[in-house]
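Below is one structure; the comments refer to it alone.
The values are calculated or read from the model by the stated rules, or taken from the named source; none is laboratory data. Everything numeric here is computed off the predicted structure, so don't read it as measured data. Because the Cβ atoms are built from the backbone with ideal geometry, glycine has one as well, and the counts that use them run over all protein chains shown.
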Amino acid sequence: MSRSSLDQIGRHVNYDKVEVELQYVTPLLAESYLASNFANNRSIGEDHLKELMKEMRSGRFTISDSAICFDEKGELVNGQHRLTAIVRTKTTQPLIIVRNVPEETKLILDVGRSRRMDDRITISGTRISRTYCAAVRHAMLANLTSSSLGTTEFSKPRHDKEVARIYNNHSQFFDKLTDCKFGATRAFWVAAAFKIYVQMENGKHDGRRKEYEHDMEPLERAIHWLHITSTGCAGVINGVPQSIAPEDRAAQLIQMKANRRLLEEKRNWGDAQAWAMTVRAAHHFMMGTPLSYIKAATFDPFLSIRKARSTNKIGFGS
């Protein structure tokens with residue numbers, strides 16, 4: 001291969017210090033490698049780990065084209081599942097070890113189990129859960145007549161920075177949801193609560209907006225939505241038990257519709273039409289509009305999440 005071809009491949013990444021070797025990794029050595037695992041590496045996937053352990057115990061595990069990689073600081077950036085499997089099975093396995101991997105390659109390593117967007121964003125320095133990553137992308141979708149969801153439209157590595165930016169701009173909101181035990185709630189419900197909260201916060205000083213048919217603050221309204229859509233009941237907000245009033249009916253209707261689909265049609269509430277109906281319900285809920293039925297929205301009535309101002313502030317939630 002010519003020097004010009006090598007330059008084209010490398011571009012601005014320097015591979016001169018990269019070292020590659022074949023090692024037979026013992027459980028003791030695997031433990032020492034895992035001790036240098038970098039802080040933002042993704043969590044262990046138990047299903048994937050069990051498959052690797054099964055292969056190792058049966059003697060079927062072989063060298064793959066995915067290496068155990070360490071960056072220029074000596075931190076483990078790839079291979080934690082295989083190393084953990086070696087420790088748990090107490091076996092010695094052959095592995096390719098690569099050291100001094102450039103920082104730029106962290107996000108494109110082949111790890112045997114493909115990295116999701118939340119993995120990639122977490123690795124880049126913003127810790128985000130799978131649910132919140134999906135919720136941000138659902139909330140970003142503007143075209144509600146499409147058959148795609150936000151998790152499809154904004155799924156590529158080129159979208160990572162924007163998703164991370166939006167999440168960071170409203171990180172206090174997501175932290176509060178985690179504190180309130182909504183971290184594992186359906187991503188559709190979280191995404192709609194996110195849209196409600198951001199619109200109400202961004203519109204606080206907009207004299208042109210219509211008045212709400214309720215007296216809740218943005219965070220209270222978002223959490224009230226989550227209580228109703230995730231449980232079918234009103235919860236407690238700031239120590240005060242809530243009820244489902246006529247202005248809350250949209251959340252109750254959409255929750256009933258999702259449950260009915262699951263019971264009668266055996267289908268989860270997770271397609272494009274379901275999201276379009278969720279957006280419509282969430283907007284009516286935000287406004288406090290009493291409803292008797294819900295239909296799918298053909299356009300997003302909310303402020304664009306991609307253009308909204310940050311809602312992070314001093315004294316948030318206090």
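Pairs linking a residue in region 25-51 that is closer than 24 Å to Arg116 by Cα and outside any helix (DSSP H, G or I) to a residue that is modelled with pLDDT of 95 or more and of a type in the set (A, V, I, L, M, F, W, C), with Cβ atoms under 8 Å and 6 or more positions apart or on different chains, do not occur. Give the residues of region 38-58 that are modelled with pLDDT under 85 and either surrounded by 15 or more Cβ atoms within 10 Å (Cβ to Cβ) or of a type in the set (A, V, I, L, M, F, W, C) (or both), sorted by residue number. Passing the criteria: Phe38, Ala39, Asn40, Asn41, Arg42, Ile44, His48.
Taking the condition of being at pLDDT 95 or above and part of a loop (DSSP other than H, G, I, E, B), how many residues in region 130-148 meet it? Please lay out each step first, then the result.
Going through region 130-148, the residues at pLDDT 95 or above turn out to be 131-141.
Now drop any that are not part of a loop (DSSP other than H, G, I, E, B), which leaves 141.
Adding up the residues that qualify gives 1.
With respect to being assigned by TED's automatic domain parsing to the domain that holds Phe174, surrounded by 12 or more Cβ atoms within 10 Å (Cβ to Cβ) and within 22 Å of the chain's Cα centre (by Cα), Ala282 fits the description.
With respect to the conditions (1) under 14 Å from the mean Cα position of the chain (by Cα); (2) outside any helix (DSSP H, G or I); (3) within 15 Å of Ala222 (Cα to Cα), Ala191 lacks only one, and its number is (2). The set of residues from region 203-219 being part of a loop (DSSP other than H, G, I, E, B) and hydrophobic (A, V, I, L, M, F, W, C) comprises just one member, Met216. Cβ-Cβ distances below 6 Å connect the following pairs, each with a first residue in region 300-318 that is under 16 Å from Val136 (Cβ atoms), a second residue that is among the basic types (Lys, Arg) and at pLDDT 95 or above, and a separation of six or more residues or different chains: Phe302/Lys195.
In region 220-241, which residue that is assigned to a loop (DSSP other than H, G, I, E, B) and at pLDDT 90 or above is surrounded by the fewest Cβ atoms within 10 Å (Cβ to Cβ)? Reasoning before the result, please.
Pass one, region 220-241, residues assigned to a loop (DSSP other than H, G, I, E, B): 232-235, 238-239.
Those still in the list that are at pLDDT 90 or above too: 232-234.
Working: Gly232: 14, Cys233: 12, Ala234: 17.
Ranking the qualifying residues of region 220-241, first place goes to Cys233.
Using the structure shown, decide if Met256 is assigned by TED's automatic domain parsing to the domain that holds Arg208 and buried (at least 19 other Cβ atoms within 10 Å of the Cβ). Against the criterion (assigned by TED's automatic domain parsing to the domain that holds Arg208 and buried (at least 19 other Cβ atoms within 10 Å of the Cβ)), Met256 does not qualify.
Note on region 83-118: among residues that are assigned to a loop (DSSP other than H, G, I, E, B) and in contact with a strand residue (DSSP E or B) (Cβ under 7 Å, 6 or more places away or on another chain), the one that is modelled with the highest pLDDT is Thr92.
Given the conditions (1) surrounded by 19 or more Cβ atoms within 10 Å (Cβ to Cβ); (2) on the phi > 0 side of the Ramachandran plot; (3) at pLDDT below 95, which single one is not true for Gly315? Of (1) surrounded by 19 or more Cβ atoms within 10 Å (Cβ to Cβ); (2) on the phi > 0 side of the Ramachandran plot; (3) at pLDDT below 95, only one is false for Gly315: (1).
Out of the residues in region 246-260 that are within 12 Å of Arg221 (Cβ to Cβ) and of a type in the set (Gly, Ala, Ser), which is nearest to the chain's Cα centre (by Cα)? Reasoning before the result, please.
First pass over region 246-260, keeping only residues within 12 Å of Arg221 (Cβ to Cβ): 247-248, 250-251.
Right, trim to of a type in the set (Gly, Ala, Ser) and you get 250-251.
Working: Ala250: 26, Ala251: 23 Å.
So, considering only residues that are within 12 Å of Arg221 (Cβ to Cβ) and of a type in the set (Gly, Ala, Ser), the one nearest to the chain's Cα centre (by Cα) is Ala251.
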